[in-house]
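Below you'll find the structure, written out as structure tokens, and then a few comments.
The values are calculated or read from the model by the stated rules, or taken from the named source; none is laboratory data. Remember, predicted model here, so these are calculated numbers, not experimental data. Virtual Cβ from ideal backbone geometry, glycine too; neighbours counted across all protein chains shown.
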Amino acid sequence: MKNKTTDIVIIGGGVIGTSIAYELSKNPTLSIKLIDIKKEGNATQASAGGLWAIGESVGLGCGVIFFKTLSKRKQETTNGVLETQRPHQLPPFFFDFCLKSNDLFPNLWRELKEIGGVDFKLEKTGLKFVMYDDDDKAYAENIYNSIPHLQNQMKWMDSIQLKEDEPFINKNAIGALTFLNDDQVNPYLLMNAFRDAAKVQGVEIINDEVKDIEVNNGKVVAVHTTNNRISCNTVINAAGSWAAEISSMVNVSLPITPVKGQILLSEKMPKILKSCLSTSDCYIAQKDNGEILIGSTTENKAYDTSSSYAELQGLASGAIKAIPILKHMNCKRTWAGLRPGTPDEVPILGPVEGIDGYLNACGHFRTGILTSAITARIINDLVHLRKPEIDINPFLLNRFKDKMKNEPELV
Amino acid sequence: MKNNIKIIGAGPAGISAAILLAHFSVHSTLIDENSEIGGAIFKKPDKGMNNSTFRDEKTFIRARKMFNEFEECSSYIDLQLESEVLGNFPLTNDLAILQKGKVKTISDKNLLIATGCYERAQPFPGWTLPGIMSVGGIQSQAKCGNVKPGKRAVLIGTGPLLLVAAKQLHMAGVTIVAVLEAGRQKDIVKNSFNLMSNTKLLKEGMSYMLYLKKHRIPFYYGHGIVRAIGKDHLEEIVVAPYDDKWHPVKEKSFTLKVDCAGIQYGYVPRIQLTQMLNCKHTYNLNRGGFFPVTDSWQRTSVKKIYSAGDNSGIYGSDVAVLSGKIAALAYLIDISEISIEEAEKIANPIRKEMNKLKKFQKTLNDFSGLKEGLMGLPDQDTIVCRCEHVKKEIIDEAIEVGVKDMGALKIRTRIGMGNCQGKMCGNYCNEYLAHKLGSSHENVGWLKPRFPMAPIPFDSINTNN
């Protein structure tokens, strides 16, 4: 095995890189290396671990604050004329992408636990959008009516039902819209699970920094790291918020920028929440060990990952409003991660014209944990020259070629 | 108040800095999380204990002198007690402080960090049993409380605090079964010349030894902890002679029947704040591990941030007092209150004295320098991180799968994800990783401290009421 050329080099050891490594490693004839270097703000490690397939697609979860930022800007540009609060919804193909990925998790959980021994804590929680007033209700109705084909995955709750289901939620909440299959995992255990299973199946993990990608006659031939030259046929760019840096090595420009998100974490608490919550201020998820995670901001601060007071106050106040008992509970840590943001919030996957042997697997913005599973399958199909189970066209980089002016964009 | 330096920590270094500044009519804000000044070392006996035997303790007499001086300067010092610094917000240049249940922010410029140190935690089998405490913890119980920590106590570890605590506990009526010092007698004897540089402390140390002798308290050099045994509470301690590298010679181990034990292997500089403020740090195991690099004026690598006292590398409270003065002089130079020449004139004798004391302390630090035998004390199922219940075997597993630094160890095992953010287990883990991997302590790195450095109620940052 020693002197064999590597078939595939995966750049990036976050949830996307490791999930691809795992999926590809199912083919024992492939020789695979994953190159990873520690980066401050790695989104996988900062993530909340929500599998909010519908929630995120309709702009809940951390999308709420994203949406707020957008509508505030819109309001400013329209001289203060406030439009009706319409959810910031992603196109139908994206729903498909998320839902298909979500469906893969129960099997994944079994597989990964068996192969690598890591339990990534898949929890059936559901996601509730908690409503405080008529505006929230209108917002939720808008969501509900816009996706009639998914109404069997949603459930309305009035204030009495909500109180019964979640006794710690603000008594003044008027109800909730529940997304029944939007669950959660432990994000870094998921990453560990992918990585360990991939390792068991022969993937070599290298801690090093990629310095260059060697291209010969329009074809990728090697990856240069600080310490080595690794010759290979295929390179997969799964470098998250640093993907544009990697793509520039093959003269490809990716419209991916880091979008900072801050998070607060409580001390371990007894189980007080059945489901994950999204309000118009924040999202709240109680993890398997009892810690409550509160997120998240959407900020353009380049690669800064520091905590900032005003933003933490905003999130904490929103969380206390949702769960008043939190007032007396302790916050033990805060941190920030860098989501790999794209202009249309859709990942950039697949080949790029003119460069043979280069595949994008990046730009997963706020849904990388959820869509890691389907991303790995798509990339696996592309590597094996099969047609992916999902139409790849809306995910290709060339979609940005001749449009992108009217889309909302965070500046 | 045009110039106002914020001094974080009202221990020996912080107090002496504030006093020196006051002598130059320069105002300072002195911030401390406790309800009284004095820090850990000059902690006053409780008010109701005024007639206790401790009031004649040497450290307390020294402290009282300082407190009196501090009183006289009070008009220049804005003392903010029960104020806990929680970290910084670099984008807005703010420092976050918890006061009366609310977080407030102040500017993070002109800071003198004098946060001192805390006791290093040493994991060993049974160390989480009730009845086992840090020596400082057991000592403050004897000194400040009316509750005795136990009936039969043993003190194990290294350094002079073992002697101080033994005497204080004994005076409080606790039977001291033994005091076990890991350092070897020959190592202290061979360097006894250096100890002459601080005759005051040397005498003090001798007096403690004499006290033990007089009261027939057994004192062992070159011995240390092996394990603690007990069902719900400490019942027995197994100790043994330590070899050159502090590996216990287990076939010579013996058991002591005790209900309480004070254990101390080293101190750790409290550097979370200088870490968060991005000051450059260096590593020296015999001075407690990582601490900020300072110039000869106690300036850190970050402009307008000074560091003095044990958080700048362990040298003890006498050096802390002097380094606080040097840092105060640096601030006076930097705000053009005095000339460099003037400052030098004042600093010279202070530095001379400081070097003398450092020589003394270095001898002690070398004598007490932690050795690799301690790395092997925990069994595979011994808990290393108490907050997250991470066992030693989990750390070994992580090393096996390729973890090479503290950040990766945290993500892999959850060490440092608990309430203490790794203040307890961080040093042991760094030492163990470096030892196992043959890597440098710098490469293994540290657990990045995050706001808030200690847990705070969510309500303290709540804006709608």
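A few remarks follow.
- Restricting segment A:164-216 to residues that are within 14 Å of chain B (Cβ to nearest Cβ) and among the basic types (K, R) leaves a set whose member that is surrounded by the most Cβ atoms within 10 Å (Cβ to Cβ) is A:R195.
- Test for B:V189: is it farther than 30 Å from B:L277 by Cβ, assigned to a strand (DSSP E or B) and not polar (S, T, N, Q): no
- Selection status of A:I236, over 19 Å from the mean Cα position of the chain (by Cα) and under 18 Å from A:G14 (Cα atoms): no
- The residues on offer are B:V179, B:V226, B:V239, and the sole one that is out of contact with any helix residue (DSSP H, G or I) (no Cβ under 7 Å at 6 or more places or on another chain) and at negative phi is B:V239.
- Condition broken by A:P351, with the remaining ones in (1) buried (at least 22 other Cβ atoms within 10 Å of the Cβ); (2) over 17 Å from A:K128 (Cα atoms) satisfied: (1)
- Of all residues in segment A:325-350, those that are within 14 Å of another protein chain (Cβ to nearest Cβ), among the charged types (D, E, K, R) and in contact (Cβ under 8 Å) with a residue 24 or more places away in the chain total 2.
- Failed condition for A:D304, given (1) more than 12 Å from chain B (Cβ to nearest Cβ); (2) in contact (Cβ under 8 Å) with a residue 24 or more places away in the chain: (1)
- Candidate set: segment B:292-335, residues that are in a strand (DSSP E or B) and in contact (Cβ under 8 Å) with a residue 60 or more places away in the chain; chosen: the one farthest from the chain's Cα centre (by Cα): B:I305
- Evaluation of A:G290 against (1) away from chain B (no Cβ under 11 Å); (2) in contact (Cβ under 8 Å) with a residue 60 or more places away in the chain (one fails), failing number: (2)
- Counting the residues of segment B:209-254 that are surrounded by 12 or more Cβ atoms within 10 Å (Cβ to Cβ) and over 29 Å from B:T128 (Cα atoms) gives 3.
- Of the strands (runs of 3 or more DSSP E) that lie entirely inside segment A:290-378, those containing 2 or more residues that are within 15 Å of the chain's Cα centre (by Cα) and farther than 22 Å from B:I411 by Cβ span A:348-352.
- Within segment B:157-207, the set of residues being β-branched (V, I, T) and surrounded by fewer than 17 Cβ atoms within 10 Å (Cβ to Cβ) comprises B:T175, B:V189, B:T199.
- Test: residue in segment B:274-291 that is within 19 Å of B:S107 (Cβ to Cβ), among the aliphatic types (A, V, I, L, M) and either surrounded by 21 or more Cβ atoms within 10 Å (Cβ to Cβ) or modelled with pLDDT of 95 or more (or both): yes
- Contact map, segment B:104-125: residues that are within 14 Å of another protein chain (Cβ to nearest Cβ) and in a strand (DSSP E or B) paired with residues that are surrounded by fewer than 24 Cβ atoms within 10 Å (Cβ to Cβ) and aromatic (F, W, Y), Cβ distance under 8 Å, separation 6+ or inter-chain. Pairs shown: B:T105/A:Y309; B:T105/B:F89.
- Applying the criterion of being more than 10 Å from chain A (Cβ to nearest Cβ) and touching a residue at least 60 places away in the same chain (Cβ under 8 Å) to the residues of segment B:386-425, the residue that is farthest from A:K268 (Cα to Cα) is B:K392.
- Selection within segment B:134-173 - of a type in the set (D, E, K, R), farther than 18 Å from B:D259 by Cβ and touching a residue at least 60 places away in the same chain (Cβ under 8 Å): B:K143
Residue-by-condition table, conditions (1) modelled with pLDDT of 95 or more; (2) closer than 23 Å to B:V226 by Cα; (3) surrounded by fewer than 21 Cβ atoms within 10 Å (Cβ to Cβ):
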| position | (1), (2), (3) |
| --- | --- |
| B:E344 | yes, no, yes |
| B:R351 | yes, no, yes |
| B:F360 | no, no, no |
| B:N365 | no, yes, no |
| B:C385 | yes, yes, no |
| B:E400 | no, no, yes |
| B:G422 | no, no, no |
| B:Y432 | yes, yes, no |
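- Yes/no for A:I284 being among the β-branched types (V, I, T), under 22 Å from the mean Cα position of the chain (by Cα) and more than 8 Å from chain B (Cβ to nearest Cβ): yes
- Complete set of residues in segment B:426-465 that are away from chain A (no Cβ under 14 Å) and in contact with a Lys or Arg (Cβ under 7 Å, 6 or more places away or on another chain): B:N427
- Meets criteria (away from every other protein chain (no Cβ under 11 Å), of a type in the set (S, T, N, Q) and not in a loop (DSSP other than H, G, I, E, B)) for A:N233: yes
- For segment A:143-160, the criterion of being at pLDDT below 95, buried (at least 20 other Cβ atoms within 10 Å of the Cβ) and touching a Pro at 6+ places or on another chain (Cβ under 7 Å) is satisfied by at least one residue.
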